[in-house]
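**Q** Can you keep this structure in mind? I'll have questions shortly.
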Amino acid sequence: MPESVSNITAQMPRAKLAGLLLFFLGPAVAIYTLFSIYPLVATMALSTYTSDPSGGRHFVGLANFETLLGDALWSKPFWNAFSNNLIFFAVHMCVQNPIGIALAGLLSLPGLRLKGLYRTVMFLPTMLSVVIVGFSWNLILSPLWGVAAGALKAVGLGSLFAPWLGLESSALVTLALISVWQFVGIPMMLIYAALLNIPEELIDAARVDGLGHFRIFLHIKLPLVLPTISLVSVLTFVANFNAFDLIYSVKGALAGPNFATDILGTFFYRTFFGNQLQLGNPTMGSAVATVMFFIILVGLCLYLFLVQRRIRRYAF
Amino acid sequence: MADLRIEHLNKRYGVTTVLNDINLNIEDGEFVVLVGPSGCGKSTLLRMIAGLDGASGGDIHIAGKLVNTLAPAERGIAMVFQSYALYPHMNVRKNMTFGLKFTGVRPAERERRVTEAARMLRLEELLERYPRDLSGGQRQRVAIGRAIVREPAVFLFDEPLSNLDAALRVSTRVEIANLHRLLKSTIVYVTHDQVEAMTLADRIVVMNRGCIEQVGRPLDLYYAPANLFVAGFIGSPAMNFFEARVKSVEGGRACVAGPGFRSLDLPAGHLKIGDALTVGIRPEHLAQGEDGPLAVEGVVELVERLGESSFAYLRRDDGRLFVAEIRGRQTPPPGERVTLTAAARDVHVFDASGLRIATPNDV
Ligand SMILES: Nc1ncnc2c1ncn2[C@@H]1O[C@H](COP(=O)(O)OP(=O)(O)O)[C@@H](O)[C@H]1O
Ligand SMILES: [Mg+2]
């Protein structure tokens, strides 16, 4: 039997072991520290300072957070951005992921022709720049020169058209749907890959057991790719709470109309860098970034302790 | 329970023909083993019977009914897969009842069948376990149980033992044989292992390159292989083949001789002087001695001792190797030159196209 790695390392001289660890782990630790840990710690540190008009900075403890969550001037836009972000996330979870799962299920059907073409076409928008996507949809949905109104009219649904991006009631959901349109390829691909992993004989066994394609998907494939679906949900959560670019490119930093599309990313941007009459406030901005970090951290912990533990991975 | 009739069955993938004009009748209650080298189309044939793959041509009848267009579940078959194909997210009980739910079997009846199958396969203790907590042999029994509860007319097995270790393979083989005795159902069983084929089958179907080479009872295949392929495939170690020519034809008898062995007398039939033949003798039918109708000489190169007997690898003067089984403890030492002979009834003769020629003992 081959000697186990732990046996080998146990017999190694300490200096040699240290050298070995440094060789294999060193580069990763160095890069991770430089680009992830250091900025995070620096941001958190900055959030405990405040700057006075003369440009000096001094330590204020958690005062910035008190202001952010306690002072109505700050807390109202913050909670507005937070709840908008939740809606943004909910739309992705309820629309993007189910469609991604369904598309993956369709792609994995045996005997489907032009599989590669469908896969590529549906994945294509993911590779487009968000700026281009935002700009295109802005044009498409524009009530003045967009094609959406005309297209709806052509099929007799002209009365349904509204300037969705401009209405407070629909702007956020419209933006979320644009993002869904762009990124639905990612859950589709991940789940499709997981579906390919399911052995053919298992599907054959289900066919012999009398299940049709839909039931096979529902009773066999879906439970077996649950780990991937939950992974996709986590990725969606993290990406949505870090989102910024689409809103910024379609609606600008003000996230109009009347902050209806303001999410944490755009709120942070205005706070940190300033916008129009609002002056940039790096220390307050750092506080917002820190809160965003903790929101995502709490979400991930909830997921890890409540969901991840109950999900079983199946080896085939 | 049902008979199975396959007529002119073809399967093509693009330009490659995987099955070519398969005709086969399987009687009610018969245990038929499809055997052949890897890639010869056994699984394909089985999957077509199951309805998992469509035919490119030809008909399949199960219990007298044409099933070409029926879905697998409507054909009255159950299949046991090589990888077991148990649903990993269901426990043993659920694995067994799952299919029944979709074919309209009532819960009480499902329960009865599972209990019955579990008793038969000694699975009672395992019903609440998940496949990942079962050993290979247990998984195999669950897979068989899942087939039994369907109460199919025809059982289809695709190499069900090939993932088991040697000891388990033997015991599971015995279990499957017992099961067949008990259930009396029709079984089509695919394997590439000729021992499984010989021990389990009422009839063996030897396949090669998408065609059926021979159908027959195990001992018929062993004692009267229809062609060179079957002769070489059935039996282990494989039959020795010697090239030979017809030396003379006289009075209805043909005298055959070739390099490395002495003469052999055959009924002449259609043989002419100079015809090329292949003479086959199984290693277990070669014995030391000189008086048989045929004698082969060779130098011992290597001896494999198995205990109850040994296999001697001998090199003939023309450089070709052949194998002889030697019973008992005494084995010739390497380097020794020995002459071996075989009884006339153990000699197989094949013509130039590989087909069997009747030998003196054939009726
Ligand atoms: N989907 C397929 N497309 C093309 N060729 C196939 C396909 N499935 C099987 N084959 C070919 O059919 C032949 C028979 O395969 P199979 O029935 O699995 O052989 P066996 O079970 O006897 O080992 C093989 O040569 C294989 O390459
Ligand atoms: Mg096979």
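**Q** Compute the label zone of B:L66 within the range B:28-49: residues whose backbone N is under 18 Å from the point 7 Å along Cα-to-Cβ.
**A** Zone members listed by number: B:49.
**Q** All other residues with a Cβ under 9 Å from the Cβ of A:A255 taken together, and with Lys, Arg as +1 and Asp, Glu as -1, what is their net charge? Working shown, then result.
**A** Numbers: positive: A:K251, A:R270; negative: A:D262.
Net of charged neighbours comes to +1.
**Q** Quick query: amide H of B:V349 versus all other amide H atoms, modeled in the peptide plane; which residues come in under 5 Å with a sequence gap of 5 or more or a different chain?
**A** Residues meeting the criterion, in which the H sits 1.01 Å from N, are B:G280, B:I357.
**Q** Follow-up. What is the Cα centroid distance between the range A:248-316 and the range B:86-110, reported in whole angstrom?
**A** Centre-to-centre distance over Cα atoms comes out at 47 Å.
**Q** If you don't mind, there's one more thing I want to ask. Taking the Cα centroid of the range B:287-337 and of the range A:129-147, what is the distance between the two, rounded to the nearest whole Å?
**A** About 87 Å separates the Cα centre of the range B:287-337 from the one of the range A:129-147.
**Q** Continuing with this model, one more query. How large is the accessible surface per residue of the range B:246-304, computed with a 1.4 Å probe and reported in Å² as a whole number? Before the final figure, lay out each step's value.
**A** Values: 2770 Å² over 59 residues.
Accessible surface, normalised per residue, equals 47 Å².
**Q** Where does the protein assembly as shown land at 222 nm, in deg cm²/dmol rounded to the nearest 500, when only DSSP H runs of n ≥ 4 count, each adding -39500 (n - 2.57), divided by all residues?
**A** On the way: 25 runs with 283 residues, N = 679.
So the helix-based figure for the protein assembly as shown works out to -12500 deg cm²/dmol.
**Q** Here's something else I'd like to know. Taking the range B:278-319, which trypsin sites (Lys or Arg not before Pro) meet the DSSP loop condition and have no more than 16 other C-beta atoms within 10 Å? Let's see the in-between values first.
**A** Working: sites: B:R305, B:R315, B:R316; in loops: B:R316.
Counting only loop positions with at most 16 other Cβ atoms within 10 Å, none of the trypsin sites (Lys or Arg not before Pro) in the range B:278-319 qualifies.
**Q** Of all accessible surface on the range A:77-310 at a 1.4 Å probe, what whole percent is carbon and sulfur? Walk me through the numbers on the way to the answer.
**A** Details: 8170 of 11310 Å².
On the range A:77-310, the fraction of accessible area on carbon and sulfur atoms equals 72 percent.
**Q** Do any residues of the range A:217-245 lose at least 40 Å² of accessible area when the full set of protein chains is present rather than just their chain alone, and if so which, with a 1.4 Å probe?
**A** Residues losing area: A:H219, A:I220.
**Q** Still on this structure: So if I place +1 on the C-beta of Lys and Arg and -1 on the C-beta of Asp and Glu, and nothing else carries charge, what would the dipole magnitude of the range B:211-363 be about its Cα centre? I want it in debye, nearest 20.
**A** Values: 16 positive and 20 negative charges, 6 e Å.
For this selection, approximately 40 debye.
**Q** A follow-up question, please. Check every DSSP H run in chain A and write down those whose alpha carbon atoms cover 20 angstrom or more along the long axis and whose mean Kyte-Doolittle hydropathy is -1.0 or greater.
**A** Working: long enough: A:14-32 (25 Å, 1.49); A:72-91 (28 Å, 0.68); A:226-241 (23 Å, 1.74); A:282-302 (30 Å, 2.09).
Both cut-offs are met by A:14-32, A:72-91, A:226-241, A:282-302.
**Q** Also, quick follow-up: Is the C-alpha gyration tensor of the range B:1-89 telling us rounded, prolate or oblate? Criteria: a/c under 1.5 is rounded; beyond that, a/b larger than b/c is prolate, otherwise oblate. It would help to have the intermediate numbers written out before the result.
**A** On the way: a/c = 1.37, a/b = 1.06, b/c = 1.30.
Because its axes are fairly even, with a/c under 1.5, the range B:1-89 counts as rounded.
**Q** Now a separate question. In Å², and per residue, what accessible area does the range B:4-232 have when probed at 1.4 Å with the other protein chains present?
**A** Values: 9370 Å² over 229 residues.
Using a 1.4 Å probe on heavy atoms only, each residue of the range B:4-232 averages 41 Å².
**Q** Also, quick follow-up: Taking only Cα atoms and a 10 Å spring cutoff, compute GNM fluctuations for chain B and point out the largest among B:L70, B:L127, B:L228.
**A** Evaluated over chain B, the most mobile residue of the options is B:L70.
**Q** For A:192-205, what's the mean count of beta carbons from other chains sitting within 10 Å of each residue's beta carbon? Don't jump to the answer; show the numbers that get you there.
**A** On the way: counts 0, 0, 0, 0, 0, 0, 1, 4, 4, 9, 7, 2, 9, 17.
Mean shielding by partner chains, rounded to a whole number: 4.
**Q** Farthest toward the dipole's positive end in the protein assembly as shown, which of A:Y49, A:G134, A:V184, given Cβ charges of +1 (Lys, Arg) and -1 (Asp, Glu) about the Cα centre?
**A** The residue sitting most towards the positive pole is A:Y49.
**Q** When a/c reaches 1.5 or more, the comparison of a/b and b/c decides; with that in mind, is chain A rounded, prolate or oblate per its Cα gyration tensor? Each step should come with its number before you reach the end.
**A** Working: a/c = 2.34, a/b = 1.06, b/c = 2.20.
Cα axes put chain A in the oblate bin.
**Q** What accessible area, in Å² to the nearest ten, does a 1.4 Å probe give for B:C211?
**A** 50
**Q** Here is a follow-up. Express in whole angstrom the spacing between the alpha-carbon centres of the range A:30-89 and the range A:180-214.
**A** 43
**Q** In the range A:43-152, which chymotrypsin sites (Phe, Trp or Tyr not before Pro) fall in coil by DSSP and have 11 or fewer other Cβ atoms within 10 Å? All intermediate terms of the calculation are to be shown ahead of the outcome.
**A** Details: sites: A:Y49, A:F59, A:F65, A:W74, A:F78, A:W79, A:F82, A:F88, A:F89, A:Y118, A:F123, A:F135, A:W137, A:W145; in loops: A:W145.
Loop-located and lightly packed - A:W145.
**Q** Under the rule of at least 5 residues apart or a separate chain, name every residue whose amide H is placed under 5 Å from the amide H of B:S263.
**A** B:A295
**Q** How would you classify the range B:70-119 from its alpha-carbon gyration tensor, with a ≥ b ≥ c the square roots of the eigenvalues: rounded for a/c under 1.5, else prolate if a/b is greater than b/c, otherwise oblate?
**A** Details: a/c = 1.65, a/b = 1.07, b/c = 1.53.
It comes out oblate by the Cα gyration axes.
**Q** Once you average over the residues of B:73-84, how many Cβ atoms of partner chains fall within 10 Å of each Cβ? It would help to have the intermediate numbers written out before the result.
**A** Details: counts 7, 1, 1, 0, 1, 3, 6, 2, 7, 1, 6, 3.
Whole-number average of other-chain Cβ neighbours for B:73-84 is 3.
**Q** Given charges of +1 on the Cβ of Lys and Arg and -1 on the Cβ of Asp and Glu, with all other atoms neutral, how large is the dipole of the protein assembly as shown about its Cα centre, in debye to the nearest 20?
**A** Working: 61 positive and 55 negative charges, 308 e Å.
Taking the Cα centre of the protein assembly as shown as origin, the dipole is about 1480 debye.
**Q** Placing +1 on the Cβ of each Lys and Arg and -1 on the Cβ of each Asp and Glu in the range B:86-199, which of B:L100, B:G145, B:I187 has its Cα farthest towards the positive end of the resulting dipole?
**A** Checking the options against the dipole of the range B:86-199, the answer is B:L100.
**Q** Kindly rank A:183-189, A:66-72, A:271-277 from highest to lowest mean number of other beta carbons found within 10 Å of each residue. Each step should come with its number before you reach the end.
**A** Values: A:183-189: 22.6, A:66-72: 13.0, A:271-277: 14.7.
Put in order of decreasing packing, that is A:183-189, A:271-277, A:66-72.
**Q** So, with a 1.4 angstrom probe, what is the percent of accessible area on chain B that is carbon and sulfur? Intermediate results must be reported in sequence, preceding the final value.
**A** Numbers: 8160 of 16170 Å².
C and S fraction of accessible area: 50 percent.
**Q** Now for a different question. Would you look at the GNM of chain A, springs on alpha carbons closer than 10 Å, and say which of A:K16, A:K221, A:K153 moves the most?
**A** A:K16
**Q** Greater than 23 Å separation of Cα atoms is the criterion. Which listed pairs, A:K76/A:K251; B:K42/B:K101; A:K115/B:K94, meet it? Please list the in-between numbers first.
**A** Working: A:K76/A:K251 20 Å; B:K42/B:K101 30 Å; A:K115/B:K94 34 Å.
Cα-Cα > 23 Å for B:K42/B:K101; A:K115/B:K94; rest within.
**Q** Rolling a 1.4 angstrom probe over the protein heavy atoms, how many square angstrom per residue are accessible across the range A:77-310? Kindly include the intermediate steps, with their values, before the conclusion.
**A** Values: 11310 Å² over 234 residues.
With all protein chains present, the range A:77-310 gives 48 Å² per residue.
**Q** While we're here: Considering only DSSP states other than H, G, I, E and B, which GluC sites (Glu not before Pro) in the range B:283-336 qualify as loop sites with at most 15 other Cβ atoms within 10 Å?
**A** B:E290, B:E308, B:E336
**Q** Between chains B and A, what is the buried accessible area in Å², counting both sides, with a 1.4 Å probe and ligands, DNA and RNA left out, to the nearest 100?
**A** On the way: alone 17070 and 18850 Å², together 34060 Å².
By this definition, chains B and A bury close to 1900 Å².
**Q** Counting only other chains, what is the mean number of Cβ atoms within 10 angstrom of the Cβ of each residue in peptide B:95-102? Working shown, then result.
**A** Working: counts 2, 0, 0, 7, 7, 2, 4, 7.
Counting other chains' Cβ atoms within 10 Å and averaging over B:95-102 gives 4.
The values are calculated or read from the model by the stated rules, or taken from the named source; none is laboratory data. As the structure is a prediction and not an experimental result, all values here were calculated from the model. A quick note on method: Cβ atoms are made from the backbone with ideal geometry, for glycine too, and the neighbour counts reach across all protein chains shown. Ligands, DNA and RNA are excluded from the accessible area calculation, which covers all protein heavy atoms including side chains. Shrake-Rupley method; radii C 1.70, N 1.55, O 1.52, S 1.80 Å.
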